1. How do Asp156, Asp558 stack up against each other in accessible area, from largest to smallest, with a 1.4 angstrom probe?
2. Quick one: which residues, 5+ away or cross-chain, put their amide H under 5 Å from the amide H of Val432? H built at 1.01 Å from N.
3. Arrange the peptides 472-479, 286-293 so that the one whose residues have, on average, the most other Cβ atoms within 10 Å appears first.
4. Return the calculated 222 nm mean residue ellipticity for the chain, to the nearest 500 deg cm²/dmol, obtained by summing -39500 (n - 2.57) across DSSP H runs with n ≥ 4 and dividing by the residue count.
5. Can you pull the one-decimal nm distance between simple spin-label points at Thr143 and Glu96, each 7 Å off the Cα toward Cβ?
6. Once the other residues with Cβ under 15 Å from the Cβ of Ala591 are scored (Lys, Arg +1; Asp, Glu -1), what is the net sum?
7. For segment 498-599, report the accessible area per residue in Å² (1.4 Å probe, heavy atoms, rounded to an integer).
8. Which pairs in the list Lys232/Lys305; Lys314/Lys395; Lys535/Lys710; Lys555/Lys688; Lys555/Lys701; Lys62/Lys148 are over 26 Å apart, alpha-carbon to alpha-carbon?
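The values are calculated or read from the model by the stated rules, or taken from the named source; none is laboratory data. Note that this is a predicted model, so its numbers are computed, not measured. No Cβ is skipped: glycine too gets one built from the backbone with ideal geometry, and neighbour counts run over all protein chains shown. We work out accessible area using only protein heavy atoms, side chains counted, and drop any ligands, DNA or RNA first. Shrake-Rupley method; radii C 1.70, N 1.55, O 1.52, S 1.80 Å.
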Amino acid sequence: MRRRVWVTLGAVVLGGGGVTAYAVAGPAPHGGGAALQDKRPVKVYDVALKGDAVGRKELPRKDTAQFSLLGVSWTGATQQLDGTAQVRTHSLETGEWSAWRDLELDTDPLEKPEQGARGASEPLYVGPSDGVQVQVAHEDGTTAALPKGLEVNLVDPGVVTDAEAKRPAITAEPAAFVVESGTPTAGTATTSATTTPAPVDTATSAPATPADTATPTPTATVPTAPPSTAPKPPITSRAGWGADESKVEDPPEYNADVKAVFVHHTDGANDYSCADSASIVRGIYAYHVDVEGWNDIGYNFLVDKCGTVFEGRKGGTDLPVLGAHTYGWNRESVGIAVLGNYVSTTGSNAALTSIARVAAWRLGQYGADPAGTVQLTAGATQKNYFGTSFTAGTKYTFNRISAHRDGFNTQCPGTSLYGQLSTVRTWAAGPVAGLKTTTVDGASLSGTTYYTKGAVTLHWSATTPASLISQYELLVDGKVAATATGSATSAAATLAVGSHTVAVRAVHQSGKVTTTAALNFVAETTAPTFTTTPKISLRTGTVNTTSVPVTLGWKATDDKALREVKLLAPGTATFGPTTTSSNRTVASGTATTWSMRAYDWAGNYRNSSAAYTPVIQQETSAVKSGSWTSRSSSSYLGGKSYSSGSKGAALTWTFTGRSASWVVSRASSSGQAYVYVDGVKVSTVDLKSSTTAYRQAIWTKTWSSSASHKVKIVVVGTSGRPTVTTDGLVYIK
């Protein structure tokens, strides 16, 4: 049995006849002042549980020295505690007592325990605390005897590094020390305190914690680490987390290989700071060694919720060190424990990623597919959590990445984390999952084809974590045009003029590849053309000197695909590729430039513009024949108009332009008129309207080009409503 250093605690009688032990912080051993050391060694305090009732032991609420992790242990490493163990703790940070929390009692036994090794619950991380209350009882309330030597074990992980010295030490060494060996008497608390030595190189040494007896038998011969098909992830060494190597007394044992990985959780709070993860690992280490009597920590690796991987059992992270983590299956496997409790809380992506990376690396050393299955030989006769029976010496099929509960009757690693192991297997084995192209820069999509001038950037996403991806490749016509790291989410390439396919290929660290569906691209640099330059034509509607109704017309084409045409001046508007006209208004008497730009889908464009002036010719500028009467009103263009009811009365305007409109006033009594263009009758226009309307462009005519024209209107003399009132002529020059 390893040596322990004990501290005697005081005792106080509680109401009701119960007796409780308490630990009181005394001055630092060096004495002389209140200054507290920022750095302190790991300590374990053992407090016996008492109680007169058969089938129940407890420790009433009490003050203690500082601790962060605890568990319950008892005499006899192979003895099981058939019942419940619950604890409450007093937080140093909040000053409050926690709710009652259950300790995990379905822990793996040791097949060949060392002399003095103890049975124990799983350790529970509770954070910095200075008080505890414990109760242990049979779950069904029976009065059967509980295991002997029940005690609560409090672990202070100490402070090892400057980074951990976030707060001053709350307590110093307990006051009285006696060096002994053996088992403490009832009503006594013990402590094991060892100062952490300077960091040492732990690459080639390992402990030999008792474990199961499945064949082949482990050897003490240090094997050669085989290369892996997957890269080694970053790992915090034992020196890095502050392992006290003097605790490890025996040399390591090695398995022949690694056939499987078993995933665990360590239990305890999930709200720990990742800056405290190293101290949690030290606490588990001290619990396994100083409380349970093991030679070393049981897990080969530990992972915190931030994804930091810690070296566990000593002997070489890349060697098949025999661990003590999964009863009956340690001979052919590696154990990875996640810090925290994952019964109802899912593991973080960072933690899952690190499990996948460690599993892929260790299994890759022996050519094993992390997503595959394997036959393992049972080292013990037992049942697992699901009721499956195993017989020692018989082979059974397991996933290469399995859970503690798959091999032993325990909830570990928690239902939530257990449900995430399929994701871990996929991430570890590859290929990259969830790969898809998200967006494309430098190109525009029309239908199923992207158009570009040449330079494009593809963006993508994947569900496999970046640290498990070797690289991404941008494929142009099936050939690698650009490469990017596994953490990249985009890559660029310049396409030659012509048609291409572009895809993204992800290379998993296993070498397996995943490729997105190819996208179709056309690279082109030819700008669109205006087959019809912008032109305006007069249209019907209400005419003002500041607002003459016109129609803007144009036509643009592209050798590949026209995207849109934009009006840049005198206003702004955007039109689709098939639109060739738009109704607008423009002021008269002033030259207006109409500017337009045609775009293709690649982004090439061409401008076109032309200037036009709408001109209003008043009725007084016309050549009259017949009888016409002048009328005055602010409703008329220029304040005046001509009116005639005489059959054959005529007005003739002469102009040079490419479009014309006749402007009139309309009413229910208005009659009809003939319209002649260049001496040819082209229309009969009826001015009748149910409502009175002024300045109405009622007839329009447009020519393909500008020329000299004559427009003549003649009063028809319609029976009962012969009157025609004209307000002038508008033309475009």
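1. I get Asp558, Asp156, largest accessible area first.
2. Here the answer is His508, Thr514, since their amide H atoms fall under 5 Å of that of Val432.
3. On the way: 472-479: 17.4, 286-293: 25.2.
So the order, starting with the most tightly packed, is 286-293, 472-479.
4. Numbers: 6 runs with 48 residues, N = 733.
Counting only the DSSP helices, I get -2000 deg cm²/dmol.
5. Reported label-point gap for Thr143 and Glu96 is 3.9 nm.
6. On the way: positive: Lys535, Arg658, Lys733; negative: none.
Neighbourhood net charge equals +3.
7. Details: 4360 Å² over 102 residues.
Per residue, segment 498-599 has an accessible area of 43 Å².
8. On the way: Lys232/Lys305 19 Å; Lys314/Lys395 28 Å; Lys535/Lys710 21 Å; Lys555/Lys688 37 Å; Lys555/Lys701 20 Å; Lys62/Lys148 22 Å.
Where the Cα-Cα span goes over 26 Å, the pairs concerned are Lys314/Lys395; Lys555/Lys688.
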